[in-house]
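The values are calculated or read from the model by the stated rules, or taken from the named source; none is laboratory data. Treat the numbers as computed from the prediction; the structure is a model and nothing was measured. Reconstructed Cβ throughout: ideal geometry from the backbone, glycine too, with neighbour counts over all protein chains shown.
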Number of protein chains: 2
Amino acid sequence: MVNPLLLPELREMLAESNSAELVEFCTALNPGRTAEFMEGLDDVDLWSVLQYADLDRRAEIFSYFDEQRQVDLLQGQEPREVATLVDRIASDDRVDLIQQLSPARVKAILPLLPVEDRRDILRLCSYEEGTAGALMTSEVAMLAESLTVAEALKELGKQASELETIYYLYVVDNDNLLRGIVSTRQLVSSLSHPDRTLGEMMETDVIVAEVDEDQESVAEKVERFNLLAIPVVDSGRQLLGIITHDDVIDVVREELTEDAHRIAAVEPLEQDYLRIGLLNLSWKRGIWLIILFFAALLTAFALEHYHEELQNYIWLVSFIPLIISAGGNSGSQSATLVITALTGGQLELTDWRTVMQREIVVSCVLGVFLSTIGYSVAIFMAPTPFAALVIPLTLLAVIIVGCFFGAALPLIFQKLGLDPAMMSNPFVAGIVDILGIVIYINIARVML
Amino acid sequence: MVNPLLLPELREMLAESNSAELVEFCTALNPGRTAEFMEGLDDVDLWSVLQYADLDRRAEIFSYFDEQRQVDLLQGQEPREVATLVDRIASDDRVDLIQQLSPARVKAILPLLPVEDRRDILRLCSYEEGTAGALMTSEVAMLAESLTVAEALKELGKQASELETIYYLYVVDNDNLLRGIVSTRQLVSSLSHPDRTLGEMMETDVIVAEVDEDQESVAEKVERFNLLAIPVVDSGRQLLGIITHDDVIDVVREELTEDAHRIAAVEPLEQDYLRIGLLNLSWKRGIWLIILFFAALLTAFALEHYHEELQNYIWLVSFIPLIISAGGNSGSQSATLVITALTGGQLELTDWRTVMQREIVVSCVLGVFLSTIGYSVAIFMAPTPFAALVIPLTLLAVIIVGCFFGAALPLIFQKLGLDPAMMSNPFVAGIVDILGIVIYINIARVML
């Protein structure tokens, strides 16, 4: 998001070193909007303007820049200034950025950071991508259960400016084992009882994420339990950090976009569409195109096998694409509906009987309808009205087969522990294409 | 989510009216987990158990039940008890539920609610589905700018138990016009300056949603500015309510699932897959199947037109499905990648030139690769190695055409203000199928 409106003014202020106005620019607006207005500047100017914001503000504005821009700035600007900024970036975002810098640059910046931050960065770097550990921030409000409401509030006031969120307080013992949580809302509601302790107020049945838990499973918990943040613990229940709601939205978006790609037979990209290397992109598409291609080759062999019939009834050839696409389209509708319902939690494997019954009814309705249209066209292209009946009968059969396999295969792959989104469509397309041809020619053989 | 583990115990406790244990069950666990353990009971037992929770807890546990279950309970249980519960449900959820009750039931329950709640419900009902107004809750912390930190905290303590979130305080004037916001975190950090006023601390550049703004645009703002909640105002900037992060996750999920359905040529369902009526489902699928069917009919006419060529070179027929599916698959890959990148904000219309250049490179790579495989098969099925060249040449052309239209059409539809997800795939499939046939036969004509 670049907004060019204020660029001339900003350049002028910089030329005049007009610090009063630059400070005003950095503080008056919402930091996200400040970022929009600045993002059109080149790296040097942008960096100069940023220096007029106080440290926390600077990190906040910085966080709204495009990720690639953030990396470029950290890569190119003066190391000491960069280190000052990095110190204030939320610990989860900071790690993501540092992992994209050149090794030489990392080596230049890390020694300029306080020991504690350095350790934190190295620790967070060690968690595998896609797990709770890689998403979490280690800045979390940890308090002892013996604290009273009044003491907790005071302690929180000291910590608040350092923390990403203060909406839950995590009650821990001396070994940092998680004992319970108190929401800030509970704390504020209890101001009239300043002597109550956190131990008396806390919820002990806390929903937690394991540090090596898959990010989709974490997102699912946050959504189901309507959490603002979820604590991350190790196998001994030691509190390591928290994952906040904004990271969860990103996970949900990532996960659903991956599903959409897989349904269209593209390996998930892991990078922005415009930024991924073209060879990499070709590979992620090519691998599935080749699998689909081999499935389609089967149809070529099948048709080769039926040459004689086709030669005798050449009008049948005209309808081959129509029949295959009717089966393929209805199958991919069914597969997509079942896959998204599985992902969205609307459907469980135990519902399989209902799904199949419903799909059979729907496919009959759709089949009868499209067959009627198909017949009314075929009647003009076939030699006799009786011969034309081959077309509607085939369409009906192919659409039923398409919906059946489209709905069944995702359920089967889910049952087998495979990703239904990834596996289904190539197989649905392959099976439906080949069955479509076989059904078509055999109906024609019987009737003609 | 039903967990049957505790059902026998719960039934026994109910039979014995063991209130001590039932109260314990309702309070000891996380309310979401309590809901899971209860959901296997029938409506009457479930309702009886719920009565052992205090009012706020009851509403919280209730909120975790499946939506249909919530409606059934409100529809069937004793009106006075229902009204007591409805009074405590968050105002946005409450309205969604009431809109699904029978008119007779609504008439029985509304008069049992406090006047204020009744007014609130009627007002929220009036906003159109899919707008900010329909998503918002009217329970929001509104405070005057003259309040000091200490006073604000005290006031917040009083309001906290009534509010869905207290993570931003909204500063309003006497007419409820929104003047600024203060985060609870700022408030807590300022405890050491208890005499500072909200007016001195507040951010005045507030990101807001208009009450009639589309929900996707609201979700986009919340994501971009990393908000926990966004205030909803009318055209005069009067504060009407807030939309919280959990509703935003739902919108993101809904929006992306709709896109996935549209890409697979299904009109968005608006209901759960298992719950939507079968005729309705057939319609939402049938409408696009028919459009795709007419597109495929064009291929039938084209092939009819080329009967003579096909009769003479019958081996060409075998490759028809292969060629069409190679074009269709690569086209739908491109379309899906472009559509998801547009939805995810990774791609703007102004990037069209880059997109097309990249697609042409990728399609050449993919085309050359698949052509090679295609040729090595065709050589065995065609009469001469030279004749077999028709297949790889066609494949290359069709894949380039597929990627080109797959990438271009979503951009064109976006430019025209139409939904790229809805419009693209039928057109991509139609255009690529028909061009595939025309290219195939014409290459064959020239070469054979």
Next on the checklist: I'm told B:I109 meets every condition in (1) surrounded by 16 or more Cβ atoms within 10 Å (Cβ to Cβ); (2) touching a residue at least 60 places away in the same chain (Cβ under 8 Å) except one. Can you identify the failing condition by its number?
Outcome noted: (2)
Next on the checklist: Need the failing condition index for A:M447 against (1) modelled with pLDDT under 90; (2) over 21 Å from A:I290 (Cα atoms); (3) crowded, with 21+ Cβ neighbours inside 10 Å, just the number.
Outcome noted: (3)
Checklist entry - Taking region A:4-28 on its own, how many of its residues are surrounded by 14 or more Cβ atoms within 10 Å (Cβ to Cβ) and assigned to a loop (DSSP other than H, G, I, E, B)? => result 2
Next on the checklist: Given the condition facing chain B (nearest Cβ under 10 Å) and of a type in the set (F, W, Y), answer yes or no: does some residue in region A:341-352 qualify?
Outcome noted: no
Checklist outcome for this item: Within region B:157-181, restricting to residues that are surrounded by fewer than 16 Cβ atoms within 10 Å (Cβ to Cβ) and in a helix (DSSP H, G or I), the one that is nearest to the other protein chains (Cβ to nearest Cβ) is B:S161
Checklist outcome for this item: Selection from region B:401-430 of residues closer than 15 Å to B:G327 by Cβ and away from chain A (no Cβ under 13 Å) yields B:V401, B:F404, B:F405, B:A408, B:L409, B:F427
Checklist outcome for this item: Condition set touching a strand residue (DSSP E or B) at 6+ places or on another chain (Cβ under 9 Å) and within 9 Å of chain A (Cβ to nearest Cβ), scope region B:245-287, selection farthest from B:F427 (Cα to Cα): answer is B:H245
Checklist entry - In region B:373-386, which residue that is touching a helix residue (DSSP H, G or I) at 6+ places or on another chain (Cβ under 7 Å) and either within 11 Å of another protein chain (Cβ to nearest Cβ) or surrounded by 17 or more Cβ atoms within 10 Å (Cβ to Cβ) (or both) is farthest from A:H307 (Cα to Cα)? => result B:I373
Checklist entry - What residue, of A:T148, A:T137, is of a type outside the set (D, E) and within 28 Å of the chain's Cα centre (by Cα)? => result A:T137
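Could you list, in sequence order, all residues of region A:246-283 that are assigned to a helix (DSSP H, G or I), under 17 Å from the mean Cα position of the chain (by Cα) and over 22 Å from B:N226 (Cβ atoms)?
If the condition is that a residue be assigned to a helix (DSSP H, G or I), under 17 Å from the mean Cα position of the chain (by Cα) and over 22 Å from B:N226 (Cβ atoms), then A:E258, A:D259, A:A260, A:H261, A:R262, A:I263 are the ones that fit.
Among the residues of region A:308-320, is any under 35 Å from the mean Cα position of the chain (by Cα), more than 7 Å from chain B (Cβ to nearest Cβ) and outside any helix (DSSP H, G or I)?
There is no residue in region A:308-320 that is under 35 Å from the mean Cα position of the chain (by Cα), more than 7 Å from chain B (Cβ to nearest Cβ) and outside any helix (DSSP H, G or I).
Conditions tested, residue by residue: (1) surrounded by fewer than 19 Cβ atoms within 10 Å (Cβ to Cβ); (2) closer than 29 Å to B:H261 by Cβ.
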residue: A:L228; (1), (2): no, no
residue: A:G236; (1), (2): yes, no
residue: A:L240; (1), (2): no, no
residue: A:D250; (1), (2): yes, yes
residue: A:D259; (1), (2): no, yes
residue: A:R262; (1), (2): no, yes
residue: A:V266; (1), (2): no, yes
residue: A:E270; (1), (2): yes, yes
residue: A:L279; (1), (2): yes, no
Checklist entry - If you take the residues of region A:363-372 that are out of contact with any Cys (no Cβ under 6 Å at 6 or more places or on another chain) and touching a residue at least 24 places away in the same chain (Cβ under 8 Å), which of them is surrounded by the fewest Cβ atoms within 10 Å (Cβ to Cβ)? => result A:V368
Checklist outcome for this item: Filtering helices (runs of 4 or more DSSP H) wholly in region B:56-112 for at least 2 residues that are more than 21 Å from B:Q271 (Cβ to Cβ) gives B:79-88, B:103-109
Checklist entry - Quick one: how many residues across region B:132-156 are closer than 27 Å to A:N226 by Cβ, assigned to a loop (DSSP other than H, G, I, E, B) and of a type in the set (G, A, S)? => result 2
Checklist entry - Going by the structure shown, is B:A444 assigned to a helix (DSSP H, G or I) and either closer than 22 Å to B:N329 by Cα or touching a Lys or Arg at 6+ places or on another chain (Cβ under 6 Å) (or both)? => result no
Checklist entry - If you go through region B:243-266 one residue at a time, do you hit one that is at positive phi and free of Cβ contacts under 8 Å to residues at least 12 places away in the same chain? => result no
Item to check | Hits in region B:151-172 - residues which are within 32 Å of the chain's Cα centre (by Cα) and acidic (D, E) | outcome: B:E162, B:E164
Item to check | Test: A:G327 is crowded, with 24+ Cβ neighbours inside 10 Å and more than 7 Å from chain B (Cβ to nearest Cβ) | outcome: yes
Checklist entry - Quick one: would you say A:L191 is farther than 28 Å from B:E67 by Cα and in contact with a helix residue (DSSP H, G or I) (Cβ under 9 Å, 6 or more places away or on another chain)? => result yes
Checklist entry - Of the residues in region A:182-222, how many are surrounded by fewer than 19 Cβ atoms within 10 Å (Cβ to Cβ), in contact (Cβ under 8 Å) with a residue 24 or more places away in the chain and either in a helix (DSSP H, G or I) or at the interface with chain B (Cβ under 9 Å from one of its Cβ atoms) (or both)? => result 5
Checklist entry - Does any residue in region A:414-442 that is touching a residue at least 40 places away in the same chain (Cβ under 8 Å) come within less than 8 Å, Cβ to Cβ, of a residue that is outside any helix (DSSP H, G or I) six or more places away or on a different chain, and which pairs are these? => result A:N425/A:A264; A:N425/A:A265; A:P426/A:A265; A:I437/A:Y306; A:Y440/A:F319; A:I441/A:Y306
Item to check | Failed criterion for B:S376 (all others in (1) at pLDDT 90 or above; (2) within 24 Å of B:A264 (Cβ to Cβ); (3) not hydrophobic (A, V, I, L, M, F, W, C) hold) | outcome: (2)
Checklist entry - Scanning for something within 27 Å of B:I263 (Cβ to Cβ), among the aliphatic types (A, V, I, L, M) and without any contact (Cβ under 8 Å) to a residue 60 or more places away in the chain, does region A:373-393 turn up at least one residue? => result yes
Item to check | Neighbours by Cβ (under 6 Å, 6+ apart or cross-chain): first from region A:114-125, charged (D, E, K, R); second surrounded by 14 or more Cβ atoms within 10 Å (Cβ to Cβ) and not in a helix (DSSP H, G or I) | outcome: A:D120/A:S138
